[in-house]
Every structure is written in C-alpha cells, then in structure tokens.
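Report on the following structure.
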Amino acid sequence: MNDLMKRTKFIFFGLLPKLPRKHSVAIVVSTLMLAWLISLESTKDHLVVDKQTDIDAVITAKTNLISDQVTDLAEQGETASFKVSSEPEYQHAEVVISVGDTLSAIFERLNVSQHTLYEILSADESILALETLKPNNVLIFKYLTKNHELQELELFVHAGHRIIYRRAGDGGIEYETVIQDGEWRTRLVSGEVKGSFYLSAQKAGLTEADAAVVTNIFKEQINFTRALRRGDKFQIIKNEQFVDGNPTGQAHIVSARFQQKTHEYTAFLFNDGRFYDKQGHSLTRAFRRLPLQKSYRVSSHFNPKRKHPVTGRIRPHNGIDFATPIGTKVISTGDGVVTRIGNHKFAGKYIDIKHSSRYKTRYLHLHKINVHKGQSIKRGQIIALSGNTGRSTGPHLHFELHINGRPVDPLKAKIPLTRSLTKSDKTAFLKLVSVRTNMLDSLLDPEINKAHETILAD
Ligand SMILES: [Zn+2]
C-alpha cells in the first residue's frame, strides 16, 4: 500500500461547470481522472458518500509529507486536498495546500514534469510567491486535455490576492499578479484591561495579530507591561476585507484609543500608511529611501520590462540593484517586523520586512542574515550583510519596496520621509480624526457597547 496516498484526503465529484474557490476538502474528477487516481491505490475503507453535493465517492486520509515548503502551522490546514475537473479542451486540478506539502511532490502527484516546475519557479523568482505556501492556499492547475501540458497555474492566496503563471506564446512561463481590493468593512471593538492587554484584547474580539499591531503602534508611548492598569479602557476600529461578500482574512487596525484615569493615547492610520496621534504627531519614525549607509552605484534599475541577464527572458526587475561588495551592511529602511527569511535557489538568502499595512521591503542575494522571522526591527537597524547568493551575476544588493502589495521604484516612490504632515495633509487628517473619534465614542455608549459591526466608507 502506498502510504503517502493512503494518508491523502480525496473527495471525488462529477463534472462541475465552474470550480468553486472555497477551501473545501475535495477532489473533483472527470471519469478519466477518477480512473487515474484510483490507480494510485487509494483505500476503500475511508469511503464516504455525500448525495447532497453530488459527490461520487469520498476517500479520506491525512497527509503528513515532510517538507520545508509549508512550515506555517496554521491550525486550519492539516489535510491536503485535491480537486480535479475537466472541460473539453482543458482539465483542471485544484490542490489545497496543507502543512508539509512540497511543490515537487504536488507536481509529481499531478503528473506535471519537474522541468515545468523549474520553469514556474524561475518565473516566480521576481516575486517568490511560491516560496512560502501557507496551509489553505490553493493551487489551480490547468492543462490541455490532449497532451496534459500545463497551460496555467494559479496560486490562490485569498480572494483578494491571486498569482497566475501562464505559458506564453514563446513557450516560456510568465506571471500575473491579480489583486482585488473588494470591500473593506469597519468593525468596532471595545474592551477593558483585565490582566494583560493581549488577553483582554482577545476577550474583546481582536485576534492575536491585532493585539500585536496595537502593541506595536503604541510601543514608544505605552509600556504595556507596566503602564496599563486594570479597568483602563480601549476602543479599536478595524477594517476587514471582503471580496464577493466573502471575508479574505485580511484586516487592518485603523484606529486605536486607550483611556486611563488621567491619560488618553490615540492612534489614527492616515493614507500614507502611518499612524499619528489625534494632534497629527507621527507615532512611527519616518522612512529612509535606501537600505545602505553610503551610496553605491546602481547596477540595475527597477524595470517592469527587463530582460533577465542570465536567461535572456523578459522578467520584471521588481527592485533596484546596488553594486555592493560582499559584506556591506544592509539596514532596514523603516520600523517593522521580519515576516520571512529564506535561502532561495534564485533569490539567494533574503529578508522580507513588513512596515505597515501599506509598506513592505525585501532584501535579496544576502551573504549573512542577522535577524529572525517575527523580529521587531527599527529603522536603520543592520539586518544583514550583502552578498552574491542565489542566481546572481556578481556581488550586489537587490532591494525592493512594495506599496499595497505591488513593487514600486524605490528611487521614485512617494514615501513618508519626514515625521510631520504637510499643511494640506493635516487638514485632511484632522477631518478623519473627528469622524473616527465619533466612532470610538460610540463604543462608550452603553446602549450600543456590544459586539457590533457597521459598514462604513473609510
Ligand atoms: Zn536585482
């Protein structure tokens, strides 16, 4: 018995007109694919039949593939699942990622060549989206029925964020990032400090991540372990993303207020991605434009249409390259948190830093990484030494700046480089403060001080 297959969860459906994008645990197969999968020695002792959803047969088991690909142990995903369906010209296979899955194992199971995987990973070099698959991410394979040749691979991160790798006219693989902003709904949360803020926040309905964001916003103002007292009040405004009416799981804290007997602390997110108190004083340090302590020659500029120097194929250059000797100190351009570090075949040793809901930076081809995932970083902090790792034509630092999920030219992008707001921005900001303060105050009204959701234009 093939142990691997035995521990894989399969649900077989008949033909479906359109694949549902939900994270259901399922495989949809045509009769042909059904035959193919059964040949993979699935067990019959796990057979379940569900008439309501037109399921032909369900064969379940757990996967526990050992891998370094999916290490994010989100509770949701313990079980890999596949969906396969076909239309006359194309066949589709949908794979829900689970802990321990590797791309190469998934490709092998779906009978897609490792060469195709290599081509896709090569296209992914500029975004590294496939580098850290998370449980419940979905991969949708689309092949030509006649020869099983892969035409498209879609990485479904969530309804608001998809990446499509596509076979181009010249036979190579290109990618497209599809970002759908959908609708952001406002949620108001209030609570009282009892014990730690972390626990109180979660009791009030915030997630752990929300609590971490709030702590981070006020890190210069509030000593969370000492300054907060039992009975201190807090009110939070949070925006949650919905695409086609479904929550994507993405959320941003947009305002927060702590009320003590004699003090009040406020934070309001402005359209430049930073938090300010109600008077308009920035709560975060201004950005630096570049991640180096002195200036170095630019060896390659930001260029969405660049030809790759090694492969000769059109590959967007999503960052800027500096001709830094190996061992040059690399510094973070802003306060933030390390969201990812890794060693990629093409990108080499790399670091991703999230600065706010709006800004993210990346540092590639490093020699030595001085930080760890989850670490809080200050602007100007030395995070690495530059190097020549991965697919690289010589020692250099590749630096990227992303705004709202899209790479931009770090030399030209509009970023908040000073601490204070301009006069016209301040007018707009104070207007926003007044609207959001009313919302925060509404949470203090005992009549409506319950878990309630309001849909409001931000
Ligand atoms: Zn580069």
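The Arg419 and His148 beta-carbon pair, evaluated with R₀ = 60 Å, returns a calculated FRET efficiency of approximately 0.55. Accessible surface for the range 107-198, divided over its residues, is 40 Å² per residue with a 1.4 Å probe. Taking every protein chain into account, the 1.4 Å probe leaves Tyr296 with about 60 Å² of accessible area, to the nearest ten.
Could you pull out the trypsin sites (Lys or Arg not before Pro) across the range 381-437 that fall in loop regions by DSSP (anything but H, G, I, E, B) with no more than 15 other Cβ atoms inside 10 Å? Here the sparse-neighbourhood loop sites are Lys412, Lys414, Arg419.
Under the convention that each Lys and Arg Cβ holds +1 and each Asp and Glu Cβ holds -1, the size of the dipole of the range 298-408 around its Cα centre is about 300 debye. Just so you know, the Cα atoms of the range 213-353 work out to an Rg and Dmax of 20.7, 65 Å. Could you pull out the trypsin sites (Lys or Arg not before Pro) across the range 147-254 that fall in loop regions by DSSP (anything but H, G, I, E, B) with no more than 10 other Cβ atoms inside 10 Å? Counting only loop positions with at most 10 other Cβ atoms within 10 Å, the trypsin sites (Lys or Arg not before Pro) in the range 147-254 are Arg226, Arg229, Arg230.
Estimate the FRET efficiency between Arg297 and Lys368 by the formula 1/(1 + (r/R0)^6), using the beta-carbon distance for r and 22 Å for R0, to the nearest 0.05. It comes out at approximately 0.50.
So, for the range 327-382, what is the accessible surface per residue at a probe of 1.4 Å, expressed in square angstrom?
Values: 2160 Å² over 56 residues.
For the range 327-382, the per-residue accessible area is 39 Å².
Rolling a 1.4 Å probe over the protein heavy atoms gives the range 207-255 an accessible area of 48 Å² per residue.
For Glu152, the solvent-accessible surface computed with a 1.4 Å probe is close to 40 Å², ligands and nucleic acids excluded. In this structure Ile173 has an accessible area near 10 Å², from a 1.4 Å probe over the protein heavy atoms. Of the residues Ala384, Leu397, Phe346, the one whose Cα sits farthest towards the positive end of the charge dipole of the range 328-406 is Phe346 (charges of +1 on Lys and Arg Cβ, -1 on Asp and Glu Cβ, taken about the Cα centre). Shown for the range 298-408: the carbon plus sulfur share of the solvent-accessible area, taken with all protein chains present and a 1.4 angstrom probe, equals 52%. Note on Met439 and Lys233: their simple-model spin labels are 1.8 nm apart, each label 7 Å out from Cα toward Cβ. All Cα-Cα separations within the range 298-408 were binned at 10 Å from zero, giving a P(r) of 16, 48, 32, 4, each value a whole percent of the pairs. Dipole size of the range 214-312 about its Cα centre, with +1 on Lys/Arg Cβ and -1 on Asp/Glu Cβ: approximately 540 debye, rounded to the nearest 20. Loop-located GluC sites (Glu not before Pro) in the range 204-247 (DSSP state not H, G, I, E or B) with no more than 13 neighbouring Cβ atoms inside 10 Å: Glu220.
The values are calculated or read from the model by the stated rules, or taken from the named source; none is laboratory data. All values reported here derive from a predicted model rather than from experimental measurement. Note that we place each Cβ from the backbone using ideal geometry, even for glycine, and neighbour counts take in every protein chain shown. What goes into the accessible areas is simple: the full protein's heavy atoms, side chains included, and nothing from ligands, DNA or RNA. Shrake-Rupley method; radii C 1.70, N 1.55, O 1.52, S 1.80 Å.
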